[in-house]
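Written out below as structure tokens is the structure these notes cover.
The values are calculated or read from the model by the stated rules, or taken from the named source; none is laboratory data. It should be emphasised that the depicted structure is a prediction, and the values quoted were computed from it without experimental measurement. No Cβ is skipped: glycine too gets one built from the backbone with ideal geometry, and neighbour counts run over all protein chains shown. Note: areas computed on protein heavy atoms with side chains; ligands, DNA, RNA excluded. Shrake-Rupley method; radii C 1.70, N 1.55, O 1.52, S 1.80 Å.
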Amino acid sequence: MNAIKRRIDSVDRRAAASTFGRIFHLEGSGHDFEIKNTKFTTELRAGLTVFFTMAYIISVNATVLSDTGGNCVCNDPNDPFCKIDRDYALCVEDLHRSLITATAAIAGFSCVLFGFLTNMPVALAPGMGINAYFAYQIVGYHGSGSVPYSLALTAVFVEGFLFMFLSLIGMRQWLVKIIPVSLKIASACGIGLFLSEIGLGHSAGIGAIQGAKTTPLEIAGCPDVYNDETGFCTSHQMTSPTMWIGIMCGGVVTAYLMTYKVKSAMIAGIALVSIMSWPRGTSFTYFPHTNQGDDRWNFFKQVVDFHPITTLNVLDWNISTAPSHFVLALFTFLYVDIIDCTATLYSMARFSGVVDPDTGDFPRSTLAYCTDALCISVGSLLGVSPVTAFIESGAGIAEGGKTGLTAMTCGLCFFISMFFAPIFASIPPWATGCTLILVGCLMMRQIVMINWRYIGDAVPAFVTVMFIPFGYSAAYGLIAGILVYTVLNGLIYITKIISRGHIVPDDEDHREYWTIKPHGRLPWFITASQAVVSHFGHGSTHELKQDTASLKSGTSQERFHSRSQNMNRELDTVIVMPRDPRDEKVFRNM
């Protein structure tokens, strides 16, 4: 055992001392801004963890998008949705195999590119939620929606470049900075709960909960034979063997290993449950003797298989066929992705401890947002829905990943999975469900840093934490929190103005400081407008100079890494603005 450890340490030292180590700022590389406690083998292990926790996207995304019918043509007048047309069914089956390859390809490309350019441990892939919106609300089941599949891909392609433009002018960075601190912390906590809800669900988890008719959620966990035609449990709740295998072997065992700081604990739990679920004939097999189980088993037996991408570059630029629906789809994709992806990227940056406490930004943020936007457009050329940052990246961060090597390792695994898709597409959801729940637990630890002492900060933060999992969307949860914050604190401000400062909340001394002009670089459109006003003598040159100095002070991206040595430093300090600015108080983490 000691010999293995010495061998691993030797590999870490050699990797750190190489040019490779300097590029990714590994500890021991000699780089001025090397990241403390980063090791080559740790980054590889973290990347594998991320891949195993999000490998379900290979099959799930392909299944969701294939429901649109893709570029398959339905010409049966007696069956307009081609539900029983055999030729169409064969085309959709071939489309599903193609989308498995396309999903793995774009996920691999996005992760490698993002990791190399940004040096952040964040993985990208076609997003869950936005793919369902693309498939069922825009294109529709077997093309029954308002926008054809090829035209919808064109909207995704255009959205990516609009995304990049907003990133280059600084809009996305500025939007993150002006969000109050408590809401940003709350969004990370809400995403943690969102992850846990996914882990408890059926499509990508252990299946312990489900939707209900009389209540939003209810207990599930019944064997498949007790599911009705819509997939809901009719009886025998909490008796599913797959659920209990996932809980005991994937959850309890993983948590037990994490208690003793065992490395690769999450990978071990996922691998254990997966291997146990592969043999046929058991009550918890992933390949039951059903039509679906036989199809999975036949695909799994191929082991090595590469299916060409038949949806490559099928974009339709004839927007005149559905102009209004095209524009609606374009802007819906845009605003959902702006909030969703931006919030997720920022939350992962906070979780990895690289957010600068002074500016509220993270290293290479502009490059990160532009890379994400480019991957959206590239993904549309492969025939998939918008690419986004995955909250499952938190599993790799929890495993010790701190650099882009984590994302690149995950990306390489996706590339490999293009040729071993039968294996990686056969990781059952109950193998990864409890891992997502454990990551959600780790992300929820930040909730103590929300400013609960002032209602104007506490209520919007709670709405954000609550609405992200219940609304099943990080974007809409943050939007809800921002709206509540604006209305509540706007009313308080108006009351204060009308009463000339006589009617104020008793605990206003504890409110967080907030300004529309955050520290650091301001968006291009703001600095440009200030320059024009100043040029014509209608503005304050002193204010412009301050903005210019602020911009200069924020140009060094590397200085963030020196602050990342103290993990989650921003979470350790909550700055509040009392009535008297001279009596500023700083509350340290208790």
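Mind ranking SER144, SER167 by accessible surface for me, highest first, 1.4 Å probe? Numbers along the way, then the final one.
On the way: SER144 60, SER167 0 Å².
Most to least solvent-accessible, the answer reads SER144, SER167.
Probe radius 1.4 Å, ligands and nucleic acids left out: which of CYS441, CYS82 has the largest accessible area, and how do the rest follow? Before the final figure, lay out the partial values.
Working: CYS441 80, CYS82 5 Å².
Listed by decreasing accessible area, they come as CYS441, CYS82.
Provide the solvent-accessible area of GLU93, counting protein heavy atoms only and rolling a 1.4 Å probe, rounded to the nearest 10 Å².
Spelled out: GLU93, probe radius 1.4 Å, area about 90 Å².
Could you calculate the FRET efficiency of VAL327 with ARG280 from 1/(1 + (r/R0)^6), where r is the beta carbon distance between them and R0 is 51 Å, rounded to 0.05? Mind showing how you got there, number by number?
On the way: r = 50 Å, r/R0 = 0.98.
So, using R0 = 51 Å, E works out to roughly 0.55.
Over the chain, with every protein chain in place, what whole percent of the accessible area is carbon and sulfur at 1.4 Å, could you tell me? If you can, show how the numbers build up before the last one.
Values: 17030 of 26570 Å².
The nonpolar share, carbon plus sulfur, comes to 64 percent.
Could you work out how far helix 291-300 tilts from the main Cα principal axis of the chain, as a 0 to 90 degree angle to the nearest 10?
80
Taking Cα pairs under 8 Å and at least six residues apart, what relative contact order does region 434-482 come out at, in percent? Spell out each step's value before the answer.
On the way: 32 pairs, mean separation 12.2, N = 49.
Rounded, it is 25 percent for region 434-482.
Beyond 32 Å between alpha-carbons counts as too far, so tell me which of LYS213/LYS301; LYS177/LYS261; LYS213/LYS402; LYS184/LYS402; LYS5/LYS301 fall in that bin.
Details: LYS213/LYS301 40 Å; LYS177/LYS261 35 Å; LYS213/LYS402 43 Å; LYS184/LYS402 20 Å; LYS5/LYS301 36 Å.
With Cα atoms farther than 32 Å apart: LYS213/LYS301; LYS177/LYS261; LYS213/LYS402; LYS5/LYS301.
Could you work out the helix-only [θ] at 222 nm for the chain, with each DSSP H run of four or more residues adding -39,500 (n - 2.57) and the total divided by the number of residues, to the nearest 500 deg cm²/dmol?
Numbers: 23 runs with 322 residues, N = 590.
Computed mean residue ellipticity for the chain: -17500 deg cm²/dmol.
Dividing the convex hull volume of the alpha carbon atoms of region 1-118 by its residue count, what do you get in Å³ per residue? All intermediate terms of the calculation are to be shown ahead of the outcome.
Working: hull volume 16.1 nm³, N = 118.
Spread over its residues, the Cα hull of region 1-118 gives 136 Å³ apiece.
Please give the solvent-accessible surface of LYS301 in Å², to the nearest 10, using a probe radius of 1.4 Å with every protein chain present.
Approximately 110 Å² for this residue.
Regarding region 213-265, what whole-number volume in Å³ per residue does the convex hull of its Cα atoms give? Let's see the in-between values first.
Working: hull volume 5.6 nm³, N = 53.
Per residue, the Cα convex hull of region 213-265 comes to 105 Å³.
For the chain, what is the accessible area per residue in Å², given a 1.4 Å probe and the full set of protein chains?
45
Based on alpha-carbon atoms only, what is the radius of gyration of region 64-189 relative to the globular estimate 2.2 N^0.38 Å? Before the final figure, lay out the partial values.
Details: Rg = 18.7 Å, N = 126, 2.2 N^0.38 = 13.8 Å.
For region 64-189, the normalised Cα radius of gyration comes out at 1.35.
Can you list, bin by bin at 5 Å, the percent of alpha carbon pairs in region 212-328, starting at 0?
2, 9, 11, 12, 13, 12, 12, 11, 9, 6, 3, 1, 0
Using +1 on the beta carbon of Lys and Arg, -1 on that of Asp and Glu, and nothing else charged, what's the dipole of the chain about the Cα centre, debye to 20? Present the calculation step by step, with values, prior to reporting the outcome.
Values: 40 positive and 45 negative charges, 387 e Å.
Its charge dipole is roughly 1860 debye.
Could you state the angle between the C-alpha long axis of helix 181-200 and the longest principal axis of the C-alpha atoms of the chain, as a value from 0 to 90 degrees rounded to the nearest 10?
It works out to around 10 degrees.
Given an 8 Å cut-off on Cα distances and at least 6 residues of separation, report the relative contact order of region 252-365 as a percent. Walk me through the intermediate numbers first.
Details: 40 pairs, mean separation 8.7, N = 114.
Here the relative contact order equals 8 percent.
Quick one: accessible surface of LEU381, probe radius 1.4 Å, all protein chains present, in square angstrom to the nearest 10.
60
Roughly what % of DSSP beta bridges within the chain run antiparallel, to the nearest 5? Mind dumping the intermediate values first?
On the way: 12 of 13 bridges.
Here the antiparallel bridges make up roughly 90 percent for the chain.
Can you check what the Kirkwood hydrodynamic radius comes to for region 302-393, Cα pairs only, in Å to one decimal? Walk me through the numbers on the way to the answer.
Values: mean 1/r = 0.0634 Å⁻¹.
With all distinct Cα pairs of region 302-393 included, I get 15.8 Å.
For VAL532 and PHE306 in one chain, what is 0.36 nm times their gap in residues minus the Cα-Cα distance, to one decimal in nm? Before the final figure, lay out the partial values.
Details: separation 226, 0.36 × 226 = 81.36 nm, distance 5.68 nm.
Full-extension gain reported as 75.7 nm.
Filter the chymotrypsin sites (Phe, Trp or Tyr not before Pro) in region 426-524 down to the DSSP loop ones having no more than 15 other Cβ atoms within 10 Å, then list what survives.
Values: sites: TRP430, TRP452, TYR454, PHE462, PHE467, PHE470, TYR472, TYR476, TYR485, TYR493, TYR513, TRP514, TRP524; in loops: TRP452, TYR454, TYR472, TYR513, TRP514.
Qualifying residues, ordered by number: TRP452, TYR513.
Taking the chain as the reference, fit the longest principal axis to its C-alpha atoms, fit the long axis of helix 455-470 to the helix C-alpha atoms, and give the angle between the two in degrees, 0 to 90, nearest 10.
With rounding to tens, the tilt is 10 degrees.
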